[in-house]
Amino acid sequence: MRPHGAPQAFAAGDITPAVLAIGRPNFPNILIETLRRQADVGHCMVFSLTRKGAASCLLDAGNIAIGSDLGAAYAGQFHASDPNRDALFEGQAQPAPILLPAFAPRMYDARYRKIFFQDSGIVDKFATAIWVEDTCFYVNFYRIAAQGRFSPAQLERLRTIAPTIGASVARHFQTTAPRTEQDIATLFATRPPLSDLTAREQDVCRGILAGLSSEAISQEIGISLHSTLTYRKRAYEKLGISAQNELFAIVLRLLTRRLN
């Protein structure tokens, strides 16, 4: 737990707020604010697709005025003519989030192009998806004409954070926050590679997942800052990672699988 009154400081390159909002009512707002801060994303929409072909719009947040209409139209019929559909269903056997190819508007049929590009003002799109059992969570990031297209740096940032964002979205629509906290404890107790860490390494990693700074983690578990940094380094080496986002990715990947 975070010491009473201790603030959470989020770095510019941090997506911790969106991860910590999983299962909470304000998740859509936190998600779009995180995406705006990371890559100036204007709008985010999430769709669920089933193996049997059913579709629904789960999330619509951002600056597209007719976003709700687009969500209903896509779920109602246009998902069947999405150029990404083949790539989505080819990714069923892949347990990790997948990045989807980008298509120019001319690759869509005339009705699709009018509704989803001309009427909405969308000028660019980036997408990721993750399958959880029989459901695909399809996450789309958009920019409108007033913003212009994503820059190369923004696209690279989206490629970096998309797997964790996709897994966070999938987890949000599967669970509630208290259950997520309980499941994280279960993962560290039972699921490799997290369960392979020492008790102190686990304490430090769980503090990182809670959004605590290294100093706050030191205070929370009663060790020096130097020891905290040492345990973090050792844990990351054992997990084969080098950054906080990669730790989130491991945990979310395990959480999106059914816990026994």
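The values are calculated or read from the model by the stated rules, or taken from the named source; none is laboratory data. Note that this is a predicted model, so its numbers are computed, not measured. We place every Cβ from the backbone using ideal geometry, glycine too, and count neighbours over all the protein chains shown.
A few points about this structure:
- Screening THR198 on (1) touching a residue at least 60 places away in the same chain (Cβ under 8 Å); (2) of a type outside the set (Gly, Ala, Ser); (3) surrounded by fewer than 17 Cβ atoms within 10 Å (Cβ to Cβ); (4) within 29 Å of LYS233 (Cα to Cα) shows it passes everything except condition (1).
- The residue that is surrounded by the fewest Cβ atoms within 10 Å (Cβ to Cβ), among those in region 102-124 that are touching a Pro at 6+ places or on another chain (Cβ under 8 Å) and not in a helix (DSSP H, G or I), is PHE103.
- Condition met for VAL204 (at pLDDT 90 or above, buried (at least 17 other Cβ atoms within 10 Å of the Cβ) and over 20 Å from GLU237 (Cα atoms)): no
- Subset of region 59-71 [touching a residue at least 60 places away in the same chain (Cβ under 8 Å), crowded, with 19+ Cβ neighbours inside 10 Å and out of contact with any Cys (no Cβ under 6 Å at 6 or more places or on another chain)]: LEU59, ILE64
- Residue selected from region 73-88 under the condition among the hydrophobic types (A, V, I, L, M, F, W, C) and surrounded by 15 or more Cβ atoms within 10 Å (Cβ to Cβ), by the criterion nearest to the chain's Cα centre (by Cα): LEU88
- The residues of region 127-157 that are closer than 19 Å to ILE15 by Cβ and surrounded by fewer than 17 Cβ atoms within 10 Å (Cβ to Cβ), listed by number, are SER151, ALA153, LEU155, GLU156.
- ASP183 within 18 Å of the chain's Cα centre (by Cα) and surrounded by 16 or more Cβ atoms within 10 Å (Cβ to Cβ): yes
- Looking only at residues of region 125-147 that are assigned to a strand (DSSP E or B) and among the polar types (S, T, N, Q), we find that the one that is modelled with the lowest pLDDT is THR135.
- Boolean, ALA65 is small (Gly, Ala, Ser), part of a loop (DSSP other than H, G, I, E, B) and farther than 15 Å from PHE116 by Cβ: no
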